[in-house]
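The values are calculated or read from the model by the stated rules, or taken from the named source; none is laboratory data. As the structure is a prediction and not an experimental result, all values here were calculated from the model. Quick reminder, even Gly has a Cβ in these numbers, built from the backbone with ideal geometry, and neighbours come from all protein chains shown.
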Amino acid sequence: MNQTAKFRKLFFLLDVLKLALTAFGGPQIHFTLFKRILVERRQYLSLDELVELNSLCSILPGPTSTQMITSIGFKKGGPKLAFLTLAIWISPACILMGLFAYMVSKLGIDLATLNFLKYLQPMASGFIIYGAFQFVQLFIHKTYHWILLVASALLGILASTPYIFPILLVLGGVISSLINQKKNTEKVQPIKEINWSNLLLFFCIFLLAAGLGFLTQDKSVRLFENMYRYGSLVFGGGNVLIPMIYNQFVVFKAYINANEFLAGLGVLQAIPGPVFSFASYVGGLVLAEQGFYWQIMGSLIASIGIFLPGILLIFFVYPIWNQLKTYAPIGNAIEGINAVSAGLVITSAYLLFLPLAINQANMIVLLLTLFTLLTTKIPTPFIVIATLLAGFLV
């Protein structure tokens, strides 16, 4: 029995590695891949459990898809398997972005050199629109779901900033809880055992990093503090993180220039895994002038800083989640949170496409990507490769 359990955990980690190497397109597409592989094919959890996890991770700061897959690892094998799941999920993307930071710093790669990446952003918009379509099919079933979907999408677009995301998610949960307040839920006992250590560690690291950064003014310490702060405060995924990093490291501190930043952003669209891996690229460039060793350390420091707070929060919440969700106000809020998250996917697609020139080529790439995802089962890596080839040829 012991041996069988070990093999099951190994097969699970192999599935995580497969996802880490093939999951292009951001958290919305990641969700559909988790549904296809981890729910439908492998049955590691039910669809209802995945939907509930999406709701939980949407209202927590940090990388949503990373928190989701880490939680699934926790469900399958406790904290140890969760840590292994996290490491395998984030490593390929962080390593690739760290290597690209080295290439940029040593070879002087710029936007002109990377012109073949020009169609990746409209491709990514197509991915997100497809994700929105999947979310609508999965989460939108009632009249008030449609109202929350349309309202959150419009408010997100009118505000033109993803910083409104957490407010809308909380409002959606409150509205759903009020509408469903008469819904029957099983009687639950008060939560008796809560392990506060991860939450306490979350706040201690936050305060210690801020204090050391202020006192020492050391660039590596400040890099960790900045990334940890963003990982603690960012809701809505990479679409919120990217502008925050740009303002901090390009505009305010001028640690890297705009061309370096945009080159990394282009490559980010071409690699699988979490969008938060962009921190690895930025960290490598920030400490590049201190030599090869410190450049590697910069990527590592930034990666730990950006992912750690969200993981500490999920390690605190997930062990008591099965009890929390049975309380009527929380259980009844799940539908509204997911409906709003579907609307915010539409907002994300708009915000991602907004900086692009609206021309024939970009629209063709976007529509072809969307058409391919909706009508075929072509794996996403092949879509990315085709988009890169189009950039080379056109």
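Here Q67 fulfils each of the conditions (1) without any contact (Cβ under 8 Å) to a residue 12 or more places away in the chain; (2) part of a helix (DSSP H, G or I) apart from (1). Does T369 satisfy the condition of being in contact with a Phe, Trp or Tyr (Cβ under 7 Å, 6 or more places away or on another chain), hydroxyl-bearing (S, T, Y) and more than 24 Å from L53 (Cβ to Cβ)? Yes; evaluated as a whole, the condition is true for this residue.
Out of A333, A328, one residue alone is more than 26 Å from P63 (Cα to Cα) and touching a residue at least 40 places away in the same chain (Cβ under 8 Å). It is A328.
Here is a check on your reading of the model: is F249 touching a Gly at 6+ places or on another chain (Cβ under 7 Å) and part of a helix (DSSP H, G or I)? No: the conditions fail for F249.
Of all residues in segment 364-382, those that are surrounded by 13 or more Cβ atoms within 10 Å (Cβ to Cβ) and among the β-branched types (V, I, T) total 5. Among the candidates L96, L138, L149, the residue that is aliphatic (A, V, I, L, M) and surrounded by fewer than 18 Cβ atoms within 10 Å (Cβ to Cβ) is uniquely L138.
Scanning segment 180-209 for residues that are aliphatic (A, V, I, L, M) and either in contact with a Gly (Cβ under 7 Å, 6 or more places away or on another chain) or at pLDDT 90 or above (or both) gives L199, L200, L201, I205, L207, L208, A209. Based on this model, can you work out whether T326 counts as modelled with pLDDT under 85 and touching a Lys or Arg at 6+ places or on another chain (Cβ under 9 Å)? Judged against the criteria, T326 is a match. Please find, within segment 263-322, the residue that is nearest to the chain's Cα centre (by Cα) out of those that are outside any helix (DSSP H, G or I) and closer than 16 Å to W89 by Cβ. Taking the candidates together, the pick is P274.
Here's a check for you: in segment 281-331, which residue that is of a type in the set (G, A, S) and farther than 23 Å from T64 by Cβ is surrounded by the fewest Cβ atoms within 10 Å (Cβ to Cβ)? So, considering only residues that are of a type in the set (G, A, S) and farther than 23 Å from T64 by Cβ, the one surrounded by the fewest Cβ atoms within 10 Å (Cβ to Cβ) is G291.
Candidates are the residues of segment 32-64 that are over 20 Å from A5 (Cα atoms) and assigned to a loop (DSSP other than H, G, I, E, B); the one that is modelled with the highest pLDDT is P63. In segment 1-20, of all residues being touching a residue at least 60 places away in the same chain (Cβ under 8 Å) and of a type in the set (D, E, K, R), the one that is surrounded by the fewest Cβ atoms within 10 Å (Cβ to Cβ) corresponds to R8.
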